[in-house]
1. Of all residues in segment 95-109, how many are free of Cβ contacts under 8 Å to residues at least 60 places away in the same chain, in contact with a strand residue (DSSP E or B) (Cβ under 6 Å, 6 or more places away or on another chain) and open to solvent by less than 80 Å² (accessible area, probe 1.4 Å)?
2. All but one of (1) under 19 Å from G255 (Cβ atoms); (2) open to solvent by less than 10 Å² (accessible area, probe 1.4 Å); (3) under 18 Å from the mean Cα position of the chain (by Cα) hold for N309; state the number of the condition that does not hold.
3. Is it the case that some residue within segment 179-190 is in contact with a Cys (Cβ under 8 Å, 6 or more places away or on another chain), at pLDDT below 95 and of a type in the set (D, E, K, R)?
4. Quick check on segment 67-89. Is at least one of its residues modelled with pLDDT under 90 and within 15 Å of V380 (Cβ to Cβ)?
5. For segment 4-58, give me each residue that is surrounded by fewer than 17 Cβ atoms within 10 Å (Cβ to Cβ) and either of a type in the set (F, W, Y) or under 14 Å from the mean Cα position of the chain (by Cα) (or both).
6. Could you tell me which numbered condition N253 fails, if it satisfies all but one of (1) in contact (Cβ under 8 Å) with a residue 60 or more places away in the chain; (2) open to solvent by less than 10 Å² (accessible area, probe 1.4 Å)?
Amino acid sequence: MTDDYDNTDFPSEPVAELRGHKDGPIHIVRFTADGKYCITGANDRTVRLWNPTRIDPAYRPPPAASPAHSVAHGAHISSQEYYGRPQRPREPPSALPMQTYADGHLHPIHSVATNSSSTVLLSASDKTLLATDLVTAQTRQKWWGHVARIEYVACLGGGEDSNGDGSSGEEIYATASYDSTVRLWDARSRSKEPLMVLDQAKDAVTCIASGKESEAQIITSSVDGKIRTYDLRTAQLITEDIVHPITSFSISNDGASIAATCLDGIIRVWGLGDDISVRMNSRKKIFQKLHSSHKSNNYKVECAFTSNNEYLVSGSECGAVVIYPVDSDSGDNNRGMAKPPTNPATKLQRHTGPTCSVATCPQKSRPWLLVSASYDGTAVVWASRAQHDCVLE
């Protein structure tokens, strides 16, 4: 179900579910770097690869009771159901499962990612980072060194090497942990020692991302309420104090804005700026505060920009997926005052437990595609109203 805000270019309709994990929470969902597939990590200690836009031919939906049978057993049905008017099925089909990765996973999976060429799966099993071949499911490498659970994994830059064999080029893998550190790992080295340890955080590090493609920057968030930007070229550190504990953040695809989800129930959006010296010497200007439709006071809840940067998607403790329009004029707001959104948020209801993880398709041609995962053990594929009937090939 959605609110009355009438728009068709953002994800708003459930088109499929990712069925296959055993009972228990699905902690994390991500798209592969190329945007073709998605991956989930769950409490059953497996990672699964899916094609979210194809139907599993082996899935058989539960039989629907006829209107006469429902009436005879005292069930309430609508007049549309009784008189046979066409309706969309209540139970979405299953998306196509592609692969299951279980080797080396001895604990529930809380973070997954792929390398930039979508050939290597990165997954965290407690304090260990695993790199697994996405096609063969063979473990390539393991790294360890954290003294508490890894909360987030990411691939920072790089790509395929000159051999064109899908290997890892100059890629750097990053892990963030409850031990308050970020560790950087050389994807091509057999060494178990990290390239660098970032230990400036005073509490658990919850998220990592690289800066703009032209900049050698690493951005992290922490429960200590700070966003830290490490400029590797100039050896400078920018610390932006949000005050409230940060559970996740997302950077817009043009690199101009950042949105941080905080445990006070507010998502704060502000500009990153082009000049690092300006960010170091000026006060952060938050131009949007989003809090009308989601709840994030007790659980880690994620947010993500759509690939066209027009919407910000958020999970919620109430089980909803919330679509917030991003103010296109926010970058021109020089007064440093947070502006209310110009359009109302849209709340999507499908999950019955907290929606902990959301992922938007990185392809610029598919800003209308979204996947969400919940502690109720379900993961849902969402598409826009315009693409609902043609997204499943």
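The values are calculated or read from the model by the stated rules, or taken from the named source; none is laboratory data. Since this is a predicted model, take the numbers as computed values, not measurements. Don't worry about glycine lacking a Cβ; one is built from the backbone with ideal geometry, like all the others, and counts go over all protein chains shown. SASA here: full protein model, heavy atoms, side chains in, ligands and nucleic acids out. Shrake-Rupley method; radii C 1.70, N 1.55, O 1.52, S 1.80 Å.
1. So the count comes out to 4.
2. So the condition that N309 fails would be (2).
3. Scanning segment 179-190, I find no residue that is in contact with a Cys (Cβ under 8 Å, 6 or more places away or on another chain), at pLDDT below 95 and of a type in the set (D, E, K, R), so the answer is no.
4. Yes, segment 67-89 contains at least one residue that is modelled with pLDDT under 90 and within 15 Å of V380 (Cβ to Cβ).
5. Y5
6. Evaluating N253 over (1) in contact (Cβ under 8 Å) with a residue 60 or more places away in the chain; (2) open to solvent by less than 10 Å² (accessible area, probe 1.4 Å) leaves (2) as the failure.
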